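Report on the structure given below.
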Amino acid sequence: MFPWYLSLVFAQELFSYIIVLQDPSYSTGYIYNIYNPVNAAFFAFFYYRIPFNFPFRKLIGALLIIFLTVTVFTFCFIQSIFVYNSYLSLATGFLITLCGILFLFNYFKLDNPGEEKKWLPVIWITIGVVAFYPVVNISFALYKYLLAYQATIFGMKLYRLIPQLMSIFMYVCFIRAFYLCHKKK
């Protein structure tokens with residue numbers, strides 16, 4: 001599933017980059033407003049399918065349904081989909097992090113070294129996700145303040161630097177997971 005997902009992420013980021021290059025004042029908020037529910041659904045489905053996550057499958061499914069319902073309600077009745085919704089990004093990060101933590105909870109209850117080794121690639125994916133989303137959510141939550149105060153480190157805007165650095169960390173974890181999957185074959 002990950003090659004398709006990561007291809008979608010790449011296309012979405014490339015499309016956003018091209019749009020901003022052509023007109024720096026153009027808002028890409030609607031792209032992220034569409035991407036966030038897709039992102040949440042992908043990871044919820046990913047963790048839902050893990051066999052030993054059975055005790056939490058109903059919770060993952062219910063949270064995803066609530067999240068998608070709130071998202072549709074928000075864009076139909078409260079706010080235009082063309083205006084970036086930081087709360088949606090925060091909720092996406094929370095849902096994905098929670099799914100990762102539930103996986104870790106069940107993984108650490110395994111008492112079979114063979115099963116533990118089998119799920120090691122998912123551990124690496126989960127490490128990346130559980131580290132990425134809480135840290136990036138902080139920068140999303142503080143976006144207006146970071147923007148208003150022009151907060152920078154080494155001349156780079158902090159609200160951009162944090163997600164970029166955390167993306168590198170997360171994708172390194174993903175690469176390690178893919179390597180372990182390739183090695184298993």
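Looking at the stretch 90-133, which of the residues that are of a type in the set (G, A, S) and closer than 30 Å to T71 by Cα is surrounded by the fewest Cβ atoms within 10 Å (Cβ to Cβ)?
Going through the qualifying residues, I end up with A131.
Which of the residues that make up the stretch 106-117 are without any contact (Cβ under 8 Å) to a residue 12 or more places away in the chain and part of a helix (DSSP H, G or I)?
Residues satisfying the conditions are P113, G114, E116, K117.
Output the residue which, of all residues in the stretch 22-77 that are of a type in the set (F, W, Y) and surrounded by fewer than 11 Cβ atoms within 10 Å (Cβ to Cβ), is farthest from D111 (Cα to Cα).
Among those residues, the one meeting the criterion is F77.
Filter the stretch 1-18 down to the residues that are in contact (Cβ under 8 Å) with a residue 12 or more places away in the chain and more than 16 Å from the chain's Cα centre (by Cα), then identify the one that is nearest to R160 (Cα to Cα).
Out of the qualifying residues, it is S16.
Scanning the stretch 19-50 for residues that are within 17 Å of Y87 (Cα to Cα) and aliphatic (A, V, I, L, M), which turns out farthest from the chain's Cα centre (by Cα)?
If we take residues in the stretch 19-50 being within 17 Å of Y87 (Cα to Cα) and aliphatic (A, V, I, L, M), then I31 is farthest from the chain's Cα centre (by Cα).
Given (1) part of a helix (DSSP H, G or I); (2) closer than 23 Å to A40 by Cβ; (3) more than 16 Å from the chain's Cα centre (by Cα), where does V83 come up short, assuming only one miss?
Of everything listed in (1) part of a helix (DSSP H, G or I); (2) closer than 23 Å to A40 by Cβ; (3) more than 16 Å from the chain's Cα centre (by Cα), V83 misses just condition (1).
Considering only the stretch 19-44, state which residues are of a type outside the set (S, T, Y) and in contact (Cβ under 8 Å) with a residue 40 or more places away in the chain.
Across the stretch 19-44, the qualifying residues are G29, N33, I34, N36, P37, N39, A40, F42, F43, A44.
Within the stretch 149-181, can you find the residues that are loosely packed, with under 15 Cβ neighbours inside 10 Å and either modelled with pLDDT under 85 or of a type in the set (D, E) (or both)?
Of everything in the stretch 149-181, just one residue is loosely packed, with under 15 Cβ neighbours inside 10 Å and either modelled with pLDDT under 85 or of a type in the set (D, E) (or both), namely R160.
For the stretch 159-175, does any single residue satisfy the condition of being under 25 Å from Y48 (Cβ atoms), without any contact (Cβ under 8 Å) to a residue 24 or more places away in the chain and assigned to a helix (DSSP H, G or I)?
yes
The values are calculated or read from the model by the stated rules, or taken from the named source; none is laboratory data. Since the model is a prediction, treat every value here as computed from it, not as a measurement. All Cβ positions, even for glycine, are placed from backbone atoms using ideal geometry, and neighbour counts span all protein chains on display.
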